1. Using a 1.4 Å probe and ignoring any ligands, DNA or RNA, find the accessible area of Y194 and quote it in Å² to the nearest 10.
2. Once ligands and nucleic acids are excluded and a 1.4 Å probe is used, how much of S131 is accessible, expressed in Å² to the nearest 10?
3. Can you list the aspartates and glutamates whose alpha carbon is less than 15 Å from that of K466, not counting same-chain residues fewer than 8 positions off?
4. Let me make sure I get this right: for region 379-430, a, b and c are the square roots of the gyration tensor eigenvalues over alpha carbons, sorted descending. Under 1.5 in a/c it's rounded, otherwise prolate if a/b > b/c, else oblate. Which is it?
5. Could you compute the FRET efficiency for A283 and E127, with r as their C-beta to C-beta distance and R0 at 45 Å, rounded to 0.05?
6. Quick check for you: with a 1.4 Å probe and neighbouring chains kept, what is the accessible area per residue of region 333-419, in Å²?
7. Using the Cα centre as the reference, give the magnitude of the dipole from point charges on the C-beta atoms of the chain (Lys, Arg: +1; Asp, Glu: -1; all else neutral), rounded to the nearest 20 debye.
8. Which one of V65, L104, I75 has its Cα pushed farthest toward the positive end of the charge dipole of region 61-129, where Lys and Arg give +1 and Asp and Glu give -1 at the Cβ?
Amino acid sequence: MALRFYNTLTQSVEPFSSSDGKTVRMYTCGPTVYNYVHIGNLRTFAFQDILRRWLHRRGYQLNHVMNITDVEDKIIRNAAVENKSLDEYTAKYIDAFLEDTATLRLQRPERLVKATEHIPEMAAAIERLESSGYTYPSEGSVYFRIANFPGYGKLSHNDFSGIRAGARVDVDEYDKADARDFVLWKARKNGEPYWDTPLGPGRPGWHIECSVMAMEYLGETLDIHAGGVDLIFPHHENEIAQSEALTGKPFARFWLHSEHLNVEAQKMSKSAGNFFTLRDLLAQGHTPEAIRYLLISVPYRKKLNFTMDGLQAAGTSIERLRNFQLRLNTAKFPEGLNEKVEDRTRQAVERFEESLDDDLNTAEALAAMFEYLRDTNSAMDADEFRAGNVSAAKGLLAQFDEIMDVLRPSDAQSQLSEAEIETSIEARSAAKKARDFGRADEIRDQLLQKGIILEDTKDGVRWKRK
Ligand SMILES: [Zn+2]
């Protein structure tokens, strides 16, 4: 079956292809840079990384835009407390975001765009909404009149028809005349940063930022818009209202949303003491690979229960994968090719691909890999796995890691263990004894790449870390 995703807009799983069949034009809501990102944010970004990688594997080019919200109430408040300009204040957290996402091996979107660098475009969009009757002013601010957009509620599947104009719904922290109407342009307040535009002095609301930047770089109809479920309402609902009021065209064909993350079955919160940034977990000695593995191990539409036991288990799973890779790279297998083993490898490739085509079912994809490891290790123990089977097995592992990206150790803590090094040295000695010097040199080089230096002495082989 073909690649398919659950589309929040239609509430069904639909086959996916990009509108031009070549490039996926995708927009994802990025960080609000007033703090370090926490693991709940990172779950969403990790889902988007798997999405990117899988679309790429399925032959698409990516044109992925992510915004950086660098003007917003908390940012303004915190910058004022620290006596810094917005730029000075947010630079630190933008750098931290880039560093943290790189540590987790999240591919960088093709474009990261800052709200503060697109203010004139936002003002122009609001003026166009004004001239087509979607807005009203109030005390220097401009609001979007939801009653004029009949499709309001179609993404969140909320029924707004029973709500009288003026009825209060807690949709946002913004001040508004009609509880459902949201702010497009916020009037200048004393002591706050502002921009002079034809709308008057002020700053944009959060929702208009995403609509304007998405359409500026990706066109009027995106292939995919993604984010966390908490953004469906009001943020994404409001993005649709603004964008479609501007263009009269569907804003995005597919809406993908990832579920929440809990920590030890509790909602993550600072007051409950279970609030973690990536930096907190690294400081506790956890590896980026184990954190990445745990974040991607649960399919994105299921709630993820992030636990310390889960992190340990993720580390163990990665070790099993690495041991298998080491065995493939260093063991001396009997000559020949076993067709049954080749079939088993092909079957694993198919199941891995089918799982990810199925709305990115990462849990199934991992299960396919670990069942393959179990079967193949047994075949190796029984000498059924032959030298001719190595290439396909390595191919599967490479395909797996192109998406999951957990095999490469990030740092000293995940270096080869002594047992792994000894196994490699034994394999090298065996190759030498069999006068297979090419193989012996290959093993030496592989160890060197992992920072292990071998010395041949008359008493045998010694090794040390670089
Ligand atoms: Zn957004």
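1. Number for this one is 90 Å².
2. That residue has around 100 Å² of solvent-accessible surface.
3. Correct list for K466: D411, E418, D445, E455.
4. Numbers: a/c = 2.76, a/b = 1.10, b/c = 2.50.
Because a/c hits 1.5 or more and a/b fails to exceed b/c, region 379-430 counts as oblate.
5. Values: r = 48 Å, r/R0 = 1.08.
That pair, A283 with E127, gives E of 0.40.
6. Numbers: 3990 Å² over 87 residues.
Ligands and nucleic acids excluded, the figure is 46 Å² per residue.
7. Values: 60 positive and 72 negative charges, 133 e Å.
My answer is approximately 640 debye.
8. About the Cα centre, the residue reaching furthest to the positive side is L104.
The values are calculated or read from the model by the stated rules, or taken from the named source; none is laboratory data. All values derive from a computational prediction rather than experimental measurement. All Cβ positions, even for glycine, are placed from backbone atoms using ideal geometry, and neighbour counts span all protein chains on display. With ligands, DNA and RNA removed, areas are computed over all heavy atoms of the protein, side chains included. Shrake-Rupley method; radii C 1.70, N 1.55, O 1.52, S 1.80 Å.
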